[in-house]
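The structure under discussion appears below in the form of structure tokens.
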Amino acid sequence: MIVRTAHRSCRFIGFSIMLILWMGLSDAQATGTKVVVRALAKDAMFIGTSMGGANLIIRDVESGAILAEGRTHGDTGSPVTVIQEPRKRGRPLSDPSTAKVETSLNLLEPTLVSIEARAPASQRQSRIKASTQLWLLPGKDIEGDGVILEIPSFAVNILSPQPAERVQLSSLQSVPITLNVLMMCGCPITPDGLWDANQYEVAGIVKHNGIPVDTVSFI
């Protein structure tokens, strides 16, 4: 009995050593894979430091684990390249200073990931989420322009009246309303400008006790 017990213990120890070696080998096979992600305002520029950047999360779709997260940092890019010149396949939209998040993921196998952007980070009232999915392959870097997520809509700030300001309906004649409307990258919308204010429509819905009572045109 003593011999048989010792023999089983030796087999168990041997199996444990093999398991540990196999796990170590698996870790050693993980391959660093670079991934660049950018957020691009629809019909405008990249979302960078001037608007607080875009908050990005990369997740493993199968497990839900967060593989990387960060915030884009850098400038908005060249308006000539991004907006004015016709886009041509293979020609980069970005340059080395254009806002991005760059990370390196250790991958054991092809991995389906989701990439989520919430932007602009400094404009919470206007923040939009955009996401996509793609397969990442170990050792196959995604650089250059990288993965570009498009962020639609506009950044809208109500300058007046102030959020805490109250008016008496009994004495109300009119309420001046002033808005600041920007592209999501922070680019200005001006009459006859690159983003021509004459080509946009801005309106507000007036509600009383939650019920719409009027529509106000700002442009």
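For the residue pairs LYS100/LYS129; LYS42/LYS129; LYS34/LYS100; LYS88/LYS129, the C-alpha atoms sit more than 20 angstrom apart in LYS88/LYS129. For the stretch 34-188, the antiparallel share of DSSP beta bridges with both residues in that region comes to about 80%.
The simple spin-label model puts a point 7 Å past each Cα toward its Cβ; for ASP214 and VAL61 those points are separated by 5.0 nm.
For the chain, the convex hull drawn through the C-alpha positions has a volume of 200 cubic angstrom per residue.
Taking only Cα atoms, what is the 0 to 90° angle, nearest 10, from helix 2-28's long axis to the longest principal axis of the chain? For helix 2-28, the angle is close to 40 degrees. Taking Lys and Arg as +1 and Asp and Glu as -1, the other residues whose beta-carbon sits under 11 Å from that of THR98 total -1. Note on the chain: with charges restricted to the Cβ of Lys and Arg (+1) and Asp and Glu (-1), its dipole about the Cα centre is near 840 debye. Taking the Cα centre of the stretch 30-151 as reference, the dipole from Cβ charges on Lys and Arg (+1) and Asp and Glu (-1) amounts to some 340 debye. Computed over the chain, the per-residue total of -39500 (n - 2.57) for DSSP H runs of n ≥ 4 gives a 222 nm mean residue ellipticity of -4500 deg cm²/dmol, rounded to 500.
Each Cα pair under 8 Å and six or more residues apart adds its sequence gap; the mean of these over the residue count of the chain is a relative contact order of 22 percent.
Every number here is computed from the coordinates shown, using simple stated rules; none is lab data. None of these values were measured; they are calculated from a predicted model. Glycine also receives a Cβ, built like all others from the backbone with ideal geometry; neighbour counts cover every protein chain displayed.
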